[in-house]
Every structure is written in C-alpha cells, then in structure tokens.
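Only one structure is covered here, and it is reproduced in the block below.
Readers should treat all values here as calculations from the given coordinates under stated rules, not as data from a laboratory. Predicted, not measured: the structure shown is a model, and the values here were computed from it. Backbone-built Cβ (ideal geometry, glycine too); neighbour counts: all protein chains shown.
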Amino acid sequence: MSSTFSLFRKILIANRGEIAVRIIRACQEMGIRTVAVYSEADAGSLHTTLANEAVFIGPAPPPESYLRGQAIIEAALERGCDAVHPGYGFLAENADFAEAVRAAGLTFIGPGAEAMRIMGSKIASRRMMEQAGVPVIPGYHPHEKEPDAQVTELLAAARAIGCPILVKASAGGGGKGMRIVERAEDLPAAIESAQREALNAFGDPTIYLEKLISRPRHVEFQVLADHHGQVIHLFERECSIQRRHQKIIEETPSPALTPELRARMGEAAVAAARAVNYANAGTVEFLLDDEGRFYFLEMNTRLQVEHPITELVTGVDLLKAQIRIAAGRPIPWSQENVEQRGHAIECRIYAEDPANQFLPSTGRVLRAVEPVGPGVRVDAGVITGDEISIYYDPMIAKLIVLGEDRADAVRKMDWALSQYVILGVTTNIPFLRAVVQHPAFVAGDLSTDFIERHLANWTPEPSPIPDEALIAGAMLDLSGGSMTIPPPSSSTNGDPYSAWNVLDSFRIGDVRS
C-alpha cells in the first residue's frame, strides 16, 4: 500500500445505498479496506456485498440502525478501523457524532464539529456570513429564545421587510419548517405552523425571516479545504430543477453565469469556508436573481448528492480528495490549475410516482437495465432483485452524462433516460424526460419554480407495452426462463390477431414455420 494512505488501512462507511457504494469503490481504488454497516432491511444489499466486511447495526427504522452513532463507533473500533466516512444524510452533519468519532481515536472524514454547528444553524451562519462580507438575503433573525417572544419580534420585523416573505426554520432543511407568506395578515398563522413543524422535525422551534426572492436560481459552489490553510472552489452546480424543495436535476456549468459572475461567486464561497475554518469537502449554496445578484443560502458540511457532475467536468475525484484531506495531506491543486471541461448533467432516479404527488413507490425491483455509452455514468445503490423499503429515501440511482457542451449534454441525457429500464416499481424517469425535453429547459431558462410553472399538471404518456407484459418478462428473466406465464384471457378481447391467441413455439428473432 502507498505510504500516502498509511493512516487509513480500513474505513467504516456509516451509510447505505449509492453513496456507500461510491465510497467503497473509491477506497478499493486506493487500496483501503472497507467495513459496511447495514440494517435488517439492507441485508444482502449492494453495499454490503461490495465491502470487505459487513456489520449488522439494527432493525430497519433509522433511529434503530443508521442513526445509532455509538453503535457505529463501536463497530468501527471492533473491526479495527482507522476512520469513519459518514457519506450524506443520517449522521453526516451531526456535530456530536463527529466529536464522538474523534474522541474514540478515529478520524472523521469531514469537517470539524464547530464548523458543522455554525453552518448547521441558519441564523448563526447568516451572522457569520455578514461578518465575512458574503452577501445574504435581506431578513431578520430573532434575539429572543422563547417561541412566544420570537413571534412578537418577527411580526414587527416582517412589517419592515415587507411581503412576500419566507418563514424558515433555523435548523431546517428540505423545505421543513418553511412557509411562504404573501399577505401580512397570514404571517401569525405561518409562524405558528413553521415553529410547530420545526420542533417536530428538528427538536428546535427557532425560526427566522427572509425576503422572498422572485423566481431565483439555486446555484452552489463546491469547495475543498485542507488542514494547511488552502481553500479552493471547483466551480458551480446549477440545482434549480426541484420538486418540493428537493433537487432532482443538476448541471454544471450553470447556463446563467458569466466568467465574471462565476469568479465573484467562487470568491464568496471560499470566503464562507474560511470564515468557519472549514476543512474537507463542502458546498456553499446561493440564490441568484434575474439581475445577477446572489445571496448566501446555506453551507452543506458534507459531500453533496450531485457531486459526480463536478467530478466529470474537473477530473477531480471528490471522494479520494476527502480521504486525502482527512489523512492530513494538502490539496494538490491551486485555484488557477482547476478548470471546467465540457458540460455535465445529473438526474436523480427515484422510485416515486410524479403523477401522484411524487409519492414513494415501494416493492421489489424486478429488472434494472442501466444505459451504457461514452460519457454516461450511473451511480446506483439498487440493482435487480433489491427491495425499495418504506424506511429510506427512495432514490434508486443517479444518472450522469458528460457532453461537449450543454446542447450535447441535454440530448445525451434524454437518450440515456430512454435507455434506462426499471421494472417492478414506478419511477420518475418519464417525468425527468419531460423536463429535459421542455423548451424552457433546453433554452436554459431555469428557476426553482420550474416544475410548478411548466409541469404542474404533467401526466405520463401511456406505454405502448402493457405493464403486465413488462413485469411478466422481468419475472421470467429472474426465474432463469423456467416460469410458465399463462396468457391473460381478458387481454385478448377476442382479437384474432392478439399474440396471446397464438400459442405455438415461436420466439422473437425466429421465423414462424
């Protein structure tokens, strides 16, 4: 093994799904052994079969398995691990967990706990960014700690800011504890509702106000910082295509940024990371208005789901960079010698029904066939035969393409989506195709309300092949061809030309005698 990574002989991955698979494969390339943890629902899943070792961590519900920080640390110690990689989600941004990992003599592959705490509080991070000279959205954060006293403060502040206004949870994320208020008389009810939801979701009812930016773009910058004082950015990702405040399509470069604006936003992202003495990979998120003004939104103190598009255009393996930084190695690039080449787009493939309010679709994946071709990458955590559980995020995979330019990347993504076959559960693939084919998307006219403006009433086109036939074919494939599938008599409708009425030995590709 190279002495470069002698600090890490074995890493425990405190996560599941596609990010666990991604970490394991990066470690394999670096000659580092891996230990996977898994819940009862994930026994035999892809990440457990790829890792060198796998440790059962508890029942399916996350509080009884993937959120059991002490049990994860004990597993790492028992298996002789040197470090813990949290991935994203679960405990990835839990400062107490990061501290406990380090207190146990292990390396936490992520930033320091203090940076996580500051950036984990939207109020504290706003204050820090104001001091660092990073633009923030006009707003107000209360000084009182008691919820009732906060309401009085916020009502007075709202009159000064003016509607429309956003009520947001300080500890929030994913749209929880967030309300849009168009009229001042609706504000008291919105504050009460947001406080209640924030308390239930995060255990903290603290909220604050922000001026609502009309039709913004969501543009984030990837940053890397080491323990030697070097901080660089790896350019931006446009993440404006969202449903219910959750990203579903990301791309880089952003079609909205000029070289001058990109430079200014990159400098602000680096300043944000320096302000909290950040070390490791992180993402600084901004809102960008239609006049080119940008505002700090938040900083994600972890790797992002959409990191592959940055990897494709810069050639930087962010997982390996995280591990090297955590091992004390300096970043081997300067800002000047990192550049973007080509255009990359990522689509998140979910087991969900876009025609039914994006509700998750659970069940067994009877068949998964991934697209293959130059510039096409699939980061999957679910394969044929796996079960989509009610307990976890229903993401199946991330489909990423790299094109020569944006037009090429858009066409390639549409083609790749058309080649992606997933049977047994409903997926958002047809909806994603509708987005990338939409004239506004093709033109690069993006904003966070894109779906509401253009596809709010979207319905899927009927498949030319009945679902029953597709599923029957997948089941036959899984059975090794040994199943006998009787023709459904109700399907023929008495049609003498129906394939179900011809029961000879003909097979596709043969000539019927």
_How far apart, in nanometres, would the label points at residue 440 and residue 337 be if each is projected 7 angstrom from Cα along the Cα-to-Cβ direction?_
4.4 nm
*So what does the Cα-only Debye profile of the range 1-108 read at q = 0.11, 0.17 Å⁻¹, as log10 I(q)/I(0), no solvent term?*
-0.29, -0.70
*Percent breakdown of C-alpha pair distances by 5 Å bin, ordered from the shortest bin, for the range 296-354*: 4, 13, 18, 21, 22, 12, 5, 3, 2
_For the range 128-198, which trypsin sites (Lys or Arg not before Pro) pass both filters: DSSP loop (anything but H, G, I, E, B) and at most 13 other C-beta atoms within 10 Å?_
145, 183
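Using alpha carbons only, what's the Rg to Rh ratio of the range 138-211 with Rh from Kirkwood?
0.92
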*Identify all lysines with a Cα-Cα distance to residue 320 below 17 Å; exclude those on the same chain that are fewer than 8 residues away in sequence.*
10
*At q = 0.07 Å⁻¹, base-10 log of I(q)/I(0) for the chain (Debye sum, equal scatterers on each alpha carbon)*: -0.42
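Return one quarter of the surface area of the convex hull spanned by the alpha-carbon atoms of the range 217-454, equal to its mean projected area, in nm². Don't jump to the answer; show the numbers that get you there.
Working: hull surface 51.9 nm².
It is 13.0 nm².
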*Where the centre of each part is set by its Cα atoms, how far does the range 179-214 sit from the range 32-80, in angstrom?*
37 Å
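Tell me, what is the FRET efficiency for residue 407 and residue 320 to the nearest 0.05, using R0 = 22 angstrom and their Cβ-Cβ distance as r?
Details: r = 31 Å, r/R0 = 1.42.
The calculated FRET efficiency here is 0.10.
What number comes out for the charge environment of residue 94, summing +1 per Lys or Arg and -1 per Asp or Glu over other residues with Cβ under 11 Å away?
On the way: positive: 117, 302; negative: 93, 96, 99.
Net of charged neighbours comes to -1.
By the scheme Lys and Arg +1, Asp and Glu -1, what is the net charge of all other residues having a beta-carbon under 13 Å from that of residue 48? Before the final figure, lay out each step's value.
On the way: positive: 16; negative: 40, 42, 53, 386.
The answer is -3.
Please report 400, 11 as a ranked list, fewest other C-beta atoms within 10 angstrom at the top and most at the bottom.
Values: 400 25, 11 29.
Final ranking by Cβ density, sparse to dense: 400, 11.
For the range 253-349, what does the equivalent ellipsoid look like in terms of its semi-axes, each the square root of 5 times an eigenvalue of the Cα gyration tensor, given largest first in whole Å? All intermediate terms of the calculation are to be shown ahead of the outcome.
Working: eigenvalues 96, 60, 40 Å².
In descending order, the three semi-axes are 22, 17, 14 Å.
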*Restricting attention to the range 227-303, which trypsin sites (Lys or Arg not before Pro) occupy a DSSP loop and are surrounded by at most 12 other Cβ atoms within 10 Å?*
244
*asked:* How large are Rg and Dmax for the range 331-462 when calculated on the C-alpha trace, in angstrom?
replied: 16.2, 52
*Could you pull out the longest piece of the chain with no exposed loop GluC sites (Glu not before Pro) in it, calling a site exposed if DSSP puts it outside H, G, I, E, B and it has at most 12 other Cβ atoms within 10 Å?*
1-181
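At R0 = 41 Å, how high is the FRET efficiency between residue 7 and residue 130 if r is their beta carbon distance? Nearest 0.05 is fine. Let's see the in-between values first.
Values: r = 38 Å, r/R0 = 0.92.
That pair, residue 7 with residue 130, gives E of 0.65.
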*Give me the number: length gained by fully extending residue 70 to residue 245, i.e. 0.36 nm times residue separation minus the C-alpha to C-alpha distance, one decimal in nm.*
59.8 nm
_Suppose we flag chymotrypsin sites (Phe, Trp or Tyr not before Pro) only when DSSP calls them loop and at most 12 other Cβ atoms lie within 10 Å. Which is the longest uninterrupted stretch of the chain?_
1-496
*Helix 187-202 sits at what angle to the longest principal axis of the chain, using alpha carbons and giving 0 to 90 degrees rounded to 10?*
70 degrees
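Return a whole-number percent for the relative contact order of the chain, with Cα pairs under 8 Å and 6 or more residues apart as the contact set. Write down the numbers at each step before the final one.
Numbers: 997 pairs, mean separation 63.1, N = 513.
Answer for the chain is 12 percent.
Any idea what % of Cα-Cα pairs in the range 355-407 are farther than 13 Å?
Numbers: 921 of 1378 pairs.
I get 67 percent for the Cα pairs in the range 355-407 exceeding 13 Å.
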*Could you work out the local net charge near residue 359, counting Lys and Arg as +1, Asp and Glu as -1, over the other residues with Cβ closer than 14 Å to its Cβ?*
-1
*So what is the calculated 222 nm ellipticity per residue for the chain, using -39500 (n - 2.57) for each DSSP H run with n of 4 or more, over all residues, to the nearest 500 deg cm²/dmol?*
-9500 deg cm²/dmol
